[in-house]
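Notes follow once the structure below has been shown.
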Amino acid sequence: MENQPFLVAEQVSYIFPDGQFHVLEDISLTINAGDFVALLGPSGVGKSTLLRLLGGLLKPTSGRISMADLPESSATDPIGVVFQRDNLMPWRTVTENVQLPLELQRQADQESRYRVQEMIELVGLAGFEGSYPAQLSGGMAQRVAIARALVHRPALLLLDEPFGSLDALTRERMGQELLRIWHALPVTVFMVTHSITEAVMLADEVLVMGGRPAVGDPAALIHRVPIGLPRPRQLEIQGTRSFQKCAKEIRSAIQV
């Protein structure tokens, strides 16, 4: 399925229900199956709104979004979402938080319990199954959130600044962990971030959004940067000329 169109947005616009705030205008993009795409842009430009539209959490005012060549109403592939805050249920253990999506799907058989344990081990939390969120570090809590988003085997993983609340060292380490998880469990990823370095390190393609919706200039995609860096990527690649060239192109586009 790789290199095949998986998620397609066609001339999507979004206006807040009160009609006073035109956020996005004429957004078109195609994401291939198995790709890792990152989205950058100034704060308040509408990045999270676009992510929510792609995930079906919001409905576009105009335009069309489809997955795997199916109309939106027929798309059945599950979607996993991780936000900046882990949003874990504090009264549930690591295991209980991870298994929540399966409970909602009324799956409680031996296979589902095996899948929960498999995901906990994949994100590096074996031994913490009985711990509660208050007993976890910020990075560990986000690992639980990632495991919960992946346990039902989604076709699409949406990440909205998942490491934005972490300190710089933990954020860097979590980026490497995300790459490891993605290689072990391939899934199409769309990630919103404010970090140029993070975007180049993780993504196959970086999209740049521009505009000022707050002053009547709806956001649009203004630049695309393919990241041709080899995988797997180690932190040392950040010092290479190719990495710096991609980062410079993205930075220039954001400053336009």
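Bear in mind these aren't lab numbers, they're just calculated from the coordinates by the rules spelled out. These numbers come from a predicted model, not from an experiment. Using ideal geometry, Cβ is built from the backbone for each residue, glycine included, and neighbour counts are taken over all protein chains shown.
Rounded to the nearest 20 debye, what is the charge dipole size of segment 99-138 about its Cα centre when +1 sits on each Lys and Arg Cβ and -1 on each Asp and Glu Cβ?
Details: 3 positive and 6 negative charges, 20 e Å.
Using Cβ point charges on Lys, Arg, Asp and Glu, segment 99-138 gives about 100 debye.
The local environment of Val200, defined by Cβ-Cβ distances under 11 Å, has a net charge of 0 under the rule Lys, Arg +1 and Asp, Glu -1.
Net charge dipole, the chain: roughly 440 debye, given to the nearest 20, about the Cα centre with Cβ charges of +1 for Lys and Arg and -1 for Asp and Glu. The order of Leu100, Leu169, Leu24, Leu57, going from fewest to most other C-beta atoms within 10 Å of their C-beta, is Leu169, Leu57, Leu100, Leu24. Over the Cα atoms of segment 1-152, each weighted equally, I'd like the Debye log10 I(q)/I(0) at q = 0.10, 0.16 Å⁻¹, rounded to two decimals. Values returned for q = 0.10, 0.16 Å⁻¹ are -0.46, -1.00. Computed per residue of the chain from DSSP H runs no shorter than four, each worth -39500 (n - 2.57), the mean residue ellipticity at 222 nm is -9500 deg cm²/dmol.
A simple spin-label model places pseudo-atoms 7 Å from Cα toward Cβ; at Gln117 and Arg251 they are separated by 4.9 nm. Sorting the Cα pairs of segment 129-253 by distance into bins of 5 Å, from 0 upward, gives 2, 9, 18, 20, 20, 14, 9, 5, 2, 0 percent per bin.
If both residues of a DSSP beta bridge must be in the chain, then about 55% of such bridges are antiparallel. Only one residue of Asn97, Ser112, Gly127 has its Cα farthest out toward the positive end of the dipole of segment 87-154, where Lys and Arg carry +1 and Asp and Glu -1 on Cβ, and that residue is Asn97.
On the principal axes of its alpha-carbon atoms, the chain has extents of 50, 45, 36 Å, going from largest to smallest. Ordering Met89, Met174 by the number of other Cβ atoms within 10 Å of each residue's own Cβ, fewest first, gives Met89, Met174. Here the alpha carbons of segment 87-154 define both size measures, Rg and Dmax, at 10.7, 31 Å. Placing +1 on the Cβ of every Lys and Arg and -1 on the Cβ of every Asp and Glu, with no other charges, gives segment 1-151 a dipole of roughly 420 debye about its Cα centre. Here the label points at Ser137 and Gln244, each 7 Å from Cα along the C-beta direction, are separated by 3.1 nm in the simple model.
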